[in-house]
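Input: a single structure, listed below in structure tokens.
The values are calculated or read from the model by the stated rules, or taken from the named source; none is laboratory data. No experiment lies behind these values; they were computed from the predicted model shown. Because the Cβ atoms are built from the backbone with ideal geometry, glycine has one as well, and the counts that use them run over all protein chains shown. Note: accessible area is taken over every heavy atom of the protein model, side chains too, but ligands, DNA and RNA are not part of it. Shrake-Rupley method; radii C 1.70, N 1.55, O 1.52, S 1.80 Å.
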Amino acid sequence: SQQGEEDPQALSIQEGENATMNCSYKTSINNLQWYRQNSGRGLVHLILIRSNEREKHSGRLRVTLDTSKKSSSLLITASRAADTASYFCAMLINTGGFKTIFGAGTRLFVKA
Amino acid sequence: EAQVTQNPRYLITVTGKKLTVTCSQNMNHEYMSWYRQDPGLGLRQIYYSMNVEVTDKGDVPEGYKVSRKEKRNFPLILESPSPNQTSLYFCASSTLSGGSYNEQFFGPGTRLTVL
């Protein structure tokens, strides 16, 4: 399977703390995207980082990409109860076409 | 409103009864894709399409068919559904930019149960 890997599988923190999720993959990528999903609903895009970028910010989100280690991390600062959700990384891979490979996800629970 | 729509949202069927799940987007996106989501496995890509009449297999295409006759529509067809195709299905679309595809917009999902 080409599925990406995420860790931790689950994370429980207090409101106000930072949450870090990691994603690793096996092949060269075109870009890497992070998504959020609430309870089996549709995924919502958070941030996209291209293979030639190393870091991107969006509000309380910070994403890093290390293509030499084939890994990415998503940092949510000053977490809130409303951040409770599952977070997925997705890699766009050029195979002649463009396949998308998702990680298995990290379930984040933020306690108020 | 820019959106991806899927129908039906919920479907219970029996083994072997052909079904189609429709997907439509109103954003003129080139890239469309179908995923299935199963507990503990994240999303797995079934098929994708980079434009009209251009489709390709994802990681789990067995038992599924797709077509892309119009840019806005990308139906998923299960010719002979089996219980192992019970899952939550998502359609998504994306636009082309700078030789690559951007973030994907997801539909609300179709929960399929095959008895």
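The residues of region B:67-115 listed by number as losing at least 30 Å² of accessible area in the complex, against the isolated chain and with a 1.4 Å probe, are B:Phe90, B:Ser100, B:Tyr101, B:Asn102, B:Glu103, B:Gln104, B:Phe106.
Legend: residue pairs A:Lys56/A:Lys99; A:Lys70/B:Lys69; B:Lys17/B:Lys57, Cα-Cα distance threshold 28 Å; pairs beyond threshold, A:Lys70/B:Lys69.
Charges were assigned to the Cβ only: +1 to each Lys and Arg, -1 to each Asp and Glu. The resulting dipole of the protein assembly as shown about its Cα centre is roughly 280 debye.
When GluC sites (Glu not before Pro) are flagged only if DSSP places them in a loop and at most 16 other Cβ atoms lie within 10 Å, the longest unflagged stretch of chain A comes out as A:54-112.
Let me spell out the model: positive unit charges on the Cβ of Lys and Arg, negative unit charges on the Cβ of Asp and Glu, origin at the Cα centre of chain B. What dipole size does that give, in debye rounded to 20?
Using Cβ point charges on Lys, Arg, Asp and Glu, chain B gives about 340 debye.
Counting only cysteine Cβ atoms and a cutoff under 4.7 Å, the protein assembly as shown contains no unmatched residue. The residues of region B:1-47 listed by number as losing at least 50 Å² of accessible area in the complex, against the isolated chain and with a 1.4 Å probe, are B:Leu43. Summary of the geometry: region A:3-40 and region A:72-97, compared by the centres of their Cα atoms, lie 5 Å apart. Result for chain A in a Gaussian network model with C-alpha springs under 10 Å: among A:Ala81, A:Ala19, A:Ala90, the largest mean-square fluctuation is at A:Ala81. Comparing B:Ala92, B:Pro8, B:Pro39 along the charge dipole axis of chain B, the residue lying farthest to the positive side is B:Pro8, per the Cβ-charge model. For A:Phe109, the solvent-accessible surface computed with a 1.4 Å probe is close to 110 Å², ligands and nucleic acids excluded. For B:Val54, the solvent-accessible surface with a 1.4 Å probe is about 70 Å², rounded to the nearest 10. Based on protein heavy atoms only, region A:5-73 ends up with 54 Å² per residue of surface accessible to a 1.4 Å probe.
Sorting A:Arg107, A:Arg36 by accessible area puts them as A:Arg107, A:Arg36; the probe is 1.4 Å, largest comes first, and only protein heavy atoms count. Here A:Lys26 is the anchor, and the aspartates and glutamates within straight C-alpha reach of less than 19 Å, apart from those fewer than 8 places off in the same chain, are A:Glu5, A:Glu6, A:Asp7, A:Glu53, A:Asp66, B:Asp59.
When chain B is treated as a Gaussian network with alpha carbon springs shorter than 10 Å, the biggest mean-square fluctuation among B:Ser67, B:Ser87, B:Ser97 belongs to B:Ser97. Relative contact order for chain B: 35 percent, from Cα pairs under 8 Å spaced at least 6 residues apart, divided by residue count.
Under a 10 Å cutoff between Cα atoms, tell me which one of A:Gly96, A:Gly42, A:Gly16 has the largest fluctuation in the Gaussian network model of chain A. Between A:Gly96, A:Gly42, A:Gly16, it is A:Gly96 that shows the largest mean-square fluctuation. Accessible surface of A:Ile93, taken over heavy atoms with a 1.4 Å probe and every protein chain present, rounds to 10 Å².
Computed over chain A, the quotient of the alpha carbon radius of gyration and 2.2 N^0.38 Å is 1.02. Near the amide H of A:Thr84, within less than 5 Å, lie the amide hydrogens of A:Val110, all on another chain or at least 5 residues away, with H placed in the peptide plane.
Using C-alpha pairs under 8 Å with a sequence gap of at least 6, the mean separation divided by the residue count of region B:20-85 gives a relative contact order of 33 percent.
Here chain A is treated with +1 on each Lys and Arg Cβ and -1 on each Asp and Glu Cβ, and its dipole about the Cα centre works out to around 200 debye.
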